[in-house]
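The values are calculated or read from the model by the stated rules, or taken from the named source; none is laboratory data. A quick note: this is a predicted structure, and the numbers were derived from the prediction, not measured. Neighbour counts are summed over all protein chains in view; Cβ atoms, including those assigned to glycine, are modelled from backbone coordinates with ideal geometry. With ligands, DNA and RNA removed, areas are computed over all heavy atoms of the protein, side chains included. Shrake-Rupley method; radii C 1.70, N 1.55, O 1.52, S 1.80 Å.
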Amino acid sequence: MSQFGISQSVTRVEDARLITGAGQYTDDINLPGQTVAYALRASVAHARIKRIDASAARAMPGVLDVITAQELEAENANGLMPCDIPLDNQDGTPRGNPERRVINTDKVRHVGEILAFIVAETLAQAKDAAEQIELDLDDLPAATGTETALAPGQPLVHDSVAGNKVFDWAFGDQSDVDAAFADAAHVTRLELINNRVIVNSMEPRGAIAEYDAASGKTTVYTGSQGVWGMKAFLANNVLHVDPEQVRVVTPEVGGGFGMKAMLYPELALVAVAARRLGRPVRWISERGEAFLSDNMGRDHVTTAELAFDKDHHIVGMRVTTLANMGAYLSLFAPFIPTGAALKVLPGVYDVKRLHYRVLGVLSNTVPVDAYRGAGRPESIYVIERLMDQAAREMGLDRAELRRKNFIPPQAMPFKTVVGEVYDSGEFARVLDTALENSDWQGFAGRREQSRAQGKLRGIGMCYYIESTMGDPMEHAAIRFNEAGEVEVLVGTQSNGQGHETAFAQILHQRLGVPFEKIRVVQGDSDRIKSGGGTGGSRSVTAEGWAISNAAENVIERGKHYAALELEAATADIEFNAGQFTIAGTDRGVDIMTLAKKARTLPPPTGQDVQEPGLDADASIEVKAWTFPNGCHIAEVEIDPDTGALNLANYVVVDDFGKLINPMLVAGQVHGGVVQGLGQALLEQAVYDEDGQLLTGSFMDYGMPRADNMPAISFSTVEVPCKNNPLGMKGCGEAGSVGSCGAVINAIIDALSERGVKAIDMPATPEKIWRLAQQAA
């Protein structure tokens, strides 16, 4: 097997470029004659806009333009910021549809909302001008809490949405589930909070636009998770031009995590400003802006119940969630707590009946949308906290209760109570491996050692399953260029995951082309006409499949050209490891040599590509997604006198099916685990009653650091996926799905000696200390 093929831990080809400073992020792009933009943002959470006077600002030195809602309206450019998720309430009526424009004309609805966009020769000049803009705002009381925003008498975020309840969605037969609970031998009930988090990608957002008056074309450079939705938004909602008159380019991206898949006003504003001025316009977010404007994640308040029969089998599950949407419905926001969360709400268990209700809540806060895992971490946290609590209440071993309710391998493919079909999974085998790797049996001895030192020790597990998802359509194109390189044009967008390496491995494996000659092309809506983007752990699952199919099309074309070159019948041509040969002989030609010669030979007839050469495309449709799963086991030691927590051990065993690159997979898991542990232990976006963000900088918002994190033991159990030809399951978000439940269950296990039964995320030292002292 080639050292660069599938299943090999190939070192990332991107890294040499990135760590030597040769990479190009949005902030590295500097265009001739460029200008600089600054966004004037609201400092209040809720107010009626009475007047915005920018006349003094426009007269300031260096100022080239000031764009308010009035200017956008005059140019018919103040388009709607779309929400792409239709959703019906449980009574059959459609969800609320609160309007959001590039710059709103009626009200401010959260701190950080844009009021004006100032373009100047320098950033300092733009900031100085912003201070001269006169604002006449009529302050209004704010609705900020996930629970309190629905209370009678709360201020309405949108007059069109009664009681701030933007949707009331439900799944399942409530009466059937209620009957199961009435007959149950035991019911476990929990109140859970899934805390709001700020994404804080290493690279802040940015957008740079230029306009070519001769061609009428607008080009925008921006960090994204896929350029095509942004192209459509600019063409259709803002500029009102043919989509071919808009090009969106994404260079390197320093982290996305869902947040950079969304549409933001700045994208529209730089495009409008560039057309107005005829000069490039550059806007780069500062970190303080990111706290106030980037979509946030999570923010659920949940009541969850699990019912068991006398033999400890699950007979029913009942969940109600309040999901805070923020001030507006972001691009995918209503889907995250509903359809996305529902996919894995029963976990890996044979739940017989389920009723799930979600109330979408509007509040005067930054909008919430997909954040790494997007609904699946929230659901797994619910079911795994319930399973741990149920085991304690019924006096059962936590692992054995899970094992008793696992869906067995022989039941695969298994249609769950929510209609998802798990194609594969050996959950007991994965669990046993995790128990062994964590030395679960030896924990009692370690707990005694901690007690002797006045410490509390706990161990907790979380068995997760997640569903990859996203656009089911994907495309790949393979091009042999004049420089002797092989380009693979993809419809996904790397945000640091290592796509260039993984995709090159797949292509190298399929075609045998030199690994060092492969170039991955992404993030350019002119060169790549369509794509599903990156999100939902879909990239390798969907794009890898498309690349594999495109490679097969190259081989089929190659057989035609090899037959011409070797003067043989096409049916007699074989392909293996980069060589076309006449069957049964040693006569052949390698693929790279053939690619050069094929440009001068007649193309095969009856194929989509009629141009000469080996170039080929492929489009695929994912009919069924993958279900990665695994077990996280966390072990913690707590000092009850200070609340300080030490993550003593952390073990992950995952089933990702066939691995493309084990090294990349381990990196993805480590990153996801750290993000989950950050939410569980440190991170929380906190607003006061006036809608001011109290955690508006790294001085107040806790981020995980190296000394907070344990060494992570990672291994895999390979159960090939049956839903795609490569046998692989997505891995990008899995670490974040299992980590919160594992560490919170471990903390509760440690504090259970003092009678503590629950703790809300983030489990900060202060919170742990208070619970420990109250119990003592």
### Task
Using the structure shown, decide if residue 470 is in a strand (DSSP E or B) and more than 13 Å from residue 521 (Cα to Cα).
no
### Task
Of the conditions (1) under 27 Å from the mean Cα position of the chain (by Cα); (2) over 22 Å from residue 237 (Cα atoms); (3) open to solvent by less than 70 Å² (accessible area, probe 1.4 Å), residue 88 clears all except one; give me its number.
(3)
### Query
Within the stretch 540-649, which strands (runs of 3 or more DSSP E) (wholly inside it) include 1 or more residues that are of a type in the set (Ser, Thr, Tyr)?
579-582, 616-621
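So for the stretch 255-276 (the condition being part of a strand (DSSP E or B), touching a Lys or Arg at 6+ places or on another chain (Cβ under 9 Å) and open to solvent by 10 Å² or more (accessible area, probe 1.4 Å)), does at least one residue qualify? Talk me through it step by step, then tell me what you get.
Initially, the stretch 255-276 is screened for residues part of a strand (DSSP E or B), giving none.
Among the residues of the stretch 255-276, not one is part of a strand (DSSP E or B), touching a Lys or Arg at 6+ places or on another chain (Cβ under 9 Å) and open to solvent by 10 Å² or more (accessible area, probe 1.4 Å), which makes the answer no.
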### Task
Look through 353, 398, 357 and report the one residue that is open to solvent by 20 Å² or more (accessible area, probe 1.4 Å), of a type in the set (Lys, Arg), modelled with pLDDT of 95 or more and closer than 27 Å to residue 669 by Cα.
398
### Message
Pairs needed: first member in the stretch 678-697, within 19 Å of residue 289 (Cα to Cα); second member anywhere, of a type outside the set (A, V, I, L, M, F, W, C) and in a helix (DSSP H, G or I); C-beta distance under 9 Å; at least 6 residues apart or different chains.
### Response
683/675; 696/288; 697/287; 697/288
### Summary
All-but-one check, residue 331 against (1) crowded, with 24+ Cβ neighbours inside 10 Å; (2) out of contact with any Lys or Arg (no Cβ under 8 Å at 6 or more places or on another chain); (3) part of a loop (DSSP other than H, G, I, E, B); (4) of a type in the set (A, V, I, L, M, F, W, C), failing number (1)
### Criterion violated by residue 663 - all others in (1) under 27 Å from the mean Cα position of the chain (by Cα); (2) closer than 19 Å to residue 463 by Cβ satisfied
(2)
### Message
Restricting to the stretch 724-755, give me the number of residues that are in a loop (DSSP other than H, G, I, E, B) and within 27 Å of residue 297 (Cβ to Cβ).
### Response
5
### Subset of the stretch 8-33 [assigned to a loop (DSSP other than H, G, I, E, B) and either without any contact (Cβ under 8 Å) to a residue 40 or more places away in the chain or open to solvent by 40 Å² or more (accessible area, probe 1.4 Å) (or both)]
8, 9, 11, 12, 13, 20, 21, 22, 24, 30, 32, 33
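Results for (1) out of contact with any helix residue (DSSP H, G or I) (no Cβ under 9 Å at 6 or more places or on another chain); (2) closer than 30 Å to residue 375 by Cα; (3) modelled with pLDDT of 95 or more, shown as yes or no for each residue.
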| site | (1), (2), (3) |
| --- | --- |
| 183 | yes, no, yes |
| 188 | no, yes, yes |
| 192 | no, yes, yes |
| 205 | no, yes, yes |
| 211 | no, no, yes |
| 217 | no, no, yes |
| 225 | no, yes, yes |
| 236 | no, yes, yes |
| 249 | yes, yes, yes |
### Message
Can you say whether residue 308 is out of contact with any Ser or Thr (no Cβ under 7 Å at 6 or more places or on another chain), open to solvent by less than 10 Å² (accessible area, probe 1.4 Å) and of a type outside the set (S, T, N, Q), as far as the supplied structure shows?
### Response
yes
### Task
Answer yes or no: is there a residue in the stretch 657-676 that is among the small types (Gly, Ala, Ser), surrounded by fewer than 23 Cβ atoms within 10 Å (Cβ to Cβ), at positive phi and in contact with a helix residue (DSSP H, G or I) (Cβ under 8 Å, 6 or more places away or on another chain).
no
### Query
So how many residues does the stretch 516-535 have that are out of contact with any Leu (no Cβ under 7 Å at 6 or more places or on another chain) and crowded, with 20+ Cβ neighbours inside 10 Å?
9
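Tally up the residues in the stretch 214-233 that are touching a Gly at 6+ places or on another chain (Cβ under 9 Å), open to solvent by less than 20 Å² (accessible area, probe 1.4 Å) and assigned to a helix (DSSP H, G or I), please.
Within the stretch 214-233, residues that are touching a Gly at 6+ places or on another chain (Cβ under 9 Å), open to solvent by less than 20 Å² (accessible area, probe 1.4 Å) and assigned to a helix (DSSP H, G or I) number 1.
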### Query
What are the residue pairs meeting all of these: first residue in the stretch 452-480, first residue farther than 30 Å from residue 617 by Cβ, second residue in a helix (DSSP H, G or I) and at pLDDT below 95, Cβ atoms under 8 Å, and 6 or more apart or on different chains?
456/753; 456/754; 456/772
### Message
Condition first: of a type in the set (S, T, N, Q), crowded, with 16+ Cβ neighbours inside 10 Å, assigned to a loop (DSSP other than H, G, I, E, B) and touching a Leu at 6+ places or on another chain (Cβ under 8 Å). Can you find one or more residues in the stretch 700-717 that meet it?
### Response
no
### Message
Restricting to the stretch 729-776, name every residue that is touching a Leu at 6+ places or on another chain (Cβ under 7 Å) and closer than 30 Å to residue 469 by Cα.
### Response
739, 743, 762
### Query
Only one residue in 108, 66, 166, 102 is under 30 Å from residue 418 (Cβ atoms), open to solvent by less than 10 Å² (accessible area, probe 1.4 Å) and either of a type in the set (Phe, Trp, Tyr) or touching a residue at least 60 places away in the same chain (Cβ under 8 Å) (or both). Which one?
166
## Note on the structure
From the option list 281, 301, 315, single residue qualifying as touching a strand residue (DSSP E or B) at 6+ places or on another chain (Cβ under 8 Å) and open to solvent by less than 10 Å² (accessible area, probe 1.4 Å) is 281
## Note on the structure
Residues of the stretch 589-601 being farther than 19 Å from residue 508 by Cα and either touching a strand residue (DSSP E or B) at 6+ places or on another chain (Cβ under 8 Å) or touching a residue at least 24 places away in the same chain (Cβ under 8 Å) (or both), in sequence order, are 597, 598, 601
### Query
With (1) within 16 Å of residue 538 (Cα to Cα); (2) surrounded by 24 or more Cβ atoms within 10 Å (Cβ to Cβ); (3) among the charged types (D, E, K, R) as the list, and residue 749 as the residue in question, which single condition is left unmet?
(1)
### Message
Looking at the structure I just gave you, is residue 393 over 30 Å from the mean Cα position of the chain (by Cα), farther than 18 Å from residue 747 by Cα and acidic (Asp, Glu)?
### Response
no
### Task
Those residues that are polar (S, T, N, Q), buried (at least 21 other Cβ atoms within 10 Å of the Cβ) and without any contact (Cβ under 8 Å) to a residue 60 or more places away in the chain, I need them from the stretch 536-586; list them, please.
none
### Task
Inspect all residues belonging to the stretch 425-437 and state whether any of them is open to solvent by 10 Å² or more (accessible area, probe 1.4 Å), assigned to a loop (DSSP other than H, G, I, E, B) and either under 30 Å from residue 370 (Cα atoms) or touching a strand residue (DSSP E or B) at 6+ places or on another chain (Cβ under 9 Å) (or both).
yes
### Query
Just checking, which of 129, 116, 149, 143 is open to solvent by less than 10 Å² (accessible area, probe 1.4 Å) and in a loop (DSSP other than H, G, I, E, B)?
143
